[in-house]
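Reading through the structure tokens given below for one structure.
The values are calculated or read from the model by the stated rules, or taken from the named source; none is laboratory data. Note that this is a predicted model, so its numbers are computed, not measured. All Cβ positions, even for glycine, are placed from backbone atoms using ideal geometry, and neighbour counts span all protein chains on display. Surface areas here come from the heavy atoms of the whole protein model, side chains and all, with no ligands, DNA or RNA. Shrake-Rupley method; radii C 1.70, N 1.55, O 1.52, S 1.80 Å.
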Amino acid sequence: MRTPIIAGNWKMNKNPKETQEFLDSIKGKLPESGVEAIIGAPAIDLTTLVAGAEGTPLKTAAENSYFEDAGAFTGETSPKALSEMGLDYVIIGHSERRQYFKETDEDINKKAKTILKNNMLPIICCGETLEQREAGKAEDWVTGQIENAVAGISAADIAKSVIAYEPIWAIGTGKTATADQAQEMVHVIREKLASLYDQDTADKTRILYGGSVKPANVKELMAKEDIDGGLVGGASMDPESYVALVNYQK
Ligand code: PGA
């Protein structure tokens, strides 16, 4: 049984004070079991986030980390330090990081390995552009991203990790992929994992959909067989909307 995940991705939004206000607003409103509620926040907010999540069901995520533990890498975030702070997950390979910060599949693979080595779990993002989809190249592109991201990572580690399929054309645009489109690609990703590893590993890995997920469409997406959750940007920033998302089963 794969436990569903609702993971917020605040991107470059909220300061520590706003983070605390959000945490105060959601207090006592998260499901105790059945769904894993995660918030991914900017590095400057993580101390507040981790302190506020302690003793609650909320899990925490950083939005990026470097692939070395420490050293002369000005401005980067150490995965070792994140782990020592108590972070549970790190989102890597988000399309915004690939597009604006020129992250490559190789960087993402190295980051995934370093995150796992530090006893956190990666949320590995993948997804195609509208152009690629219209040219019929989406499946090859996405499965290629996954193959590169997981290269050299053990089956046991992948089974614990999380993948997020986020078609770029659906991110922040209000244009959700239909539940069928999302299911179709998430299934293709699971099949890819089965061919790279084995069916058991593929059946254990949680694969999320991301791109304009909101309280109004979360149920339909979550009803799909292969979709194990959502990576949510815009709709995760308002506490009321986040609480509605994580309680989608009610
Ligand atoms: P969105 O962002 O929900 O605002 O479309 C999703 C994401 O980029 O993770």
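What the table shows:
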quantity	calculated
A216 being over 17 Å from the mean Cα position of the chain (by Cα), surrounded by fewer than 24 Cβ atoms within 10 Å (Cβ to Cβ) and without any contact (Cβ under 8 Å) to a residue 40 or more places away in the chain	yes
Hits in the range 225-245 - residues which are near the ligand (Cβ under 9 Å from one of its atoms) and either of a type in the set (D, E, K, R) or out of contact with any Phe, Trp or Tyr (no Cβ under 9 Å at 6 or more places or on another chain) (or both)	G234
Some residue of the range 163-170 being of a type in the set (G, A, S) and modelled with pLDDT of 95 or more	yes
Conditions (1) within 16 Å of the ligand (Cβ to nearest atom); (2) open to solvent by less than 20 Å² (accessible area, probe 1.4 Å); (3) of a type outside the set (D, E); (4) part of a helix (DSSP H, G or I): number failed by Q181	(2)
Evaluation of G127 against (1) under 19 Å from G8 (Cα atoms); (2) more than 16 Å from the ligand (Cβ to nearest atom) (one fails), failing number	(2)
Tally of residues being in a helix (DSSP H, G or I) and open to solvent by 30 Å² or more (accessible area, probe 1.4 Å) across the range 192-213	7
Unique residue being at pLDDT 95 or above and touching an Asp or Glu at 6+ places or on another chain (Cβ under 6 Å) when the list is K102, K80, K117, K110	K80
Any chance E131 is of a type in the set (D, E) and assigned to a helix (DSSP H, G or I)	yes
Residues satisfying the stated conditions in the range 219-233, i.e. closer than 21 Å to I124 by Cβ and assigned to a helix (DSSP H, G or I)	L221, M222
Residue within the range 192-203 that is touching a residue at least 40 places away in the same chain (Cβ under 8 Å) and under 30 Å from M237 (Cβ atoms) present	no
Breaking point among (1) within 20 Å of K214 (Cβ to Cβ); (2) open to solvent by 20 Å² or more (accessible area, probe 1.4 Å); (3) within 16 Å of the ligand (Cβ to nearest atom), for V186	(2)
Scan of the range 146-175 for residues that are open to solvent by 10 Å² or more (accessible area, probe 1.4 Å) and assigned to a helix (DSSP H, G or I), ordered by number	E147, N148, A155, A156, D157, A159, K160, I168, W169
Matching residues, the range 205-224, being away from the ligand (no atom under 11 Å from the Cβ) and over 20 Å from I91 (Cβ atoms)	P215, A216, K219, E220, A223, K224
Verdict on K137 being away from the ligand (no atom under 16 Å from the Cβ), modelled with pLDDT of 95 or more and open to solvent by less than 20 Å² (accessible area, probe 1.4 Å)	no
